[in-house]
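Report on the structure given below.
The values are calculated or read from the model by the stated rules, or taken from the named source; none is laboratory data. The structure displayed is predicted, hence computed values, not measured ones. Positions of Cβ are generated from backbone atoms using ideal geometry, with glycine treated the same way; all protein chains shown enter the neighbour counts.
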């Protein structure tokens with residue numbers, strides 16, 4: 001029997017399964033040891049069986065391996081006296097065990113992946129809920145601040161070249177806090193930032209209350225314990241300035 005005939009006979013598949021007679025197994029084992037081509041073929045058969053056990057669909061060139069084994073069993077079954085049924089039953093049980101183990105391993109892996117995805121989704125939702133709760137708490141706090149009888153509203157009108165801008169300040173001298181609505185200001189250029197100033201008028205004295213990290217937040221809180229008579233907003237270089245740049249004074253408003 002040539003190598004090609006042996007490869008197509010189904011004997012190699014049966015050899016890997018361990019269902020050949022002892023004499024035939026010895027013959028094939030000797031041929032395998034003497035042929036690199038047969039060693040490669042046996043390796044491919046073993047790989048194909050492991051894929052079968054893991055529940056992985058075979059490639060097109062691996063289907064031939066299963067067909068060879070099926071044909072071998074069919075041919076052998078024509079002669080009942082030549083069949084070692086205990087070997088076949090043992091082999092069948094082993095294959096079923098491998099397939100079952102592979103199936104349950106695959107199902108367990110898929111279930112674990114689903115649980116991880118579900119946990120990740122829950123964590124994202126919980127984080128979003130916490131953020132919403134935080135925003136709601138901030139909103140309620142700001143609303144209570146605005147409604148406080150000691151809070152005064154100050155409209156900051158656009159100045160000079162920036163007449164189309166505006167802002168609104170809410171100042172409470174009792175709590176020493178100021179909230180500023182900056183939704184009427186354009187987005188600051190890169191490497192620039194808006195800065196809020198507390199002003200006393202006689203003499204005119206500016207005191208920085210801080211820069212505005214606007215991002216998506218348009219209602220910003222500032223600590224303000226100064227004797228504020230007016231507010232101004234300027235555009236400064238990133239990090240702020242020790243004194244206001246009057247050429248970039250965007251808005252100005254006086255407490256009435």
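For the stretch 224-235, a residue qualifies if it is touching a strand residue (DSSP E or B) at 6+ places or on another chain (Cβ under 8 Å) and farther than 14 Å from residue 206 by Cβ, and exactly one does: 235. Here residue 220 does not qualify as more than 16 Å from residue 173 (Cβ to Cβ), at pLDDT 95 or above, assigned by TED's automatic domain parsing to the domain that holds residue 171 and under 41 Å from the mean Cα position of the chain (by Cα). Just to be sure, is residue 225 part of a strand (DSSP E or B) and modelled with pLDDT of 90 or more? It is false that residue 225 is part of a strand (DSSP E or B) and modelled with pLDDT of 90 or more. Restricting 107, 130, 113 to those that are modelled with pLDDT of 70 or more, farther than 28 Å from residue 249 by Cα, surrounded by 10 or more Cβ atoms within 10 Å (Cβ to Cβ) and under 35 Å from the mean Cα position of the chain (by Cα) reduces the list to 113. Taking the criterion of being surrounded by fewer than 15 Cβ atoms within 10 Å (Cβ to Cβ) and in contact (Cβ under 8 Å) with a residue 12 or more places away in the chain, the only residue of the stretch 158-168 that qualifies is 160.
Quick check on the stretch 236-247. Is at least one of its residues free of Cβ contacts under 8 Å to residues at least 40 places away in the same chain and in contact with a strand residue (DSSP E or B) (Cβ under 6 Å, 6 or more places away or on another chain)?
Looking through the stretch 236-247, at least one residue is free of Cβ contacts under 8 Å to residues at least 40 places away in the same chain and in contact with a strand residue (DSSP E or B) (Cβ under 6 Å, 6 or more places away or on another chain).
With the condition kept exactly as written, say whether any residue in the stretch 185-194 is part of a strand (DSSP E or B) and touching a helix residue (DSSP H, G or I) at 6+ places or on another chain (Cβ under 8 Å). No, the conditions are met nowhere in the stretch 185-194.
Inside the stretch 195-207, can you point out the residues that are surrounded by fewer than 17 Cβ atoms within 10 Å (Cβ to Cβ) and either in contact with a helix residue (DSSP H, G or I) (Cβ under 7 Å, 6 or more places away or on another chain) or part of a strand (DSSP E or B) (or both)?
As a first pass, look at the stretch 195-207 and keep what is surrounded by fewer than 17 Cβ atoms within 10 Å (Cβ to Cβ): 200-205, 207.
Of everything in the stretch 195-207, those that are surrounded by fewer than 17 Cβ atoms within 10 Å (Cβ to Cβ) and either in contact with a helix residue (DSSP H, G or I) (Cβ under 7 Å, 6 or more places away or on another chain) or part of a strand (DSSP E or B) (or both) turn out to be 200, 201, 204, 205, 207.
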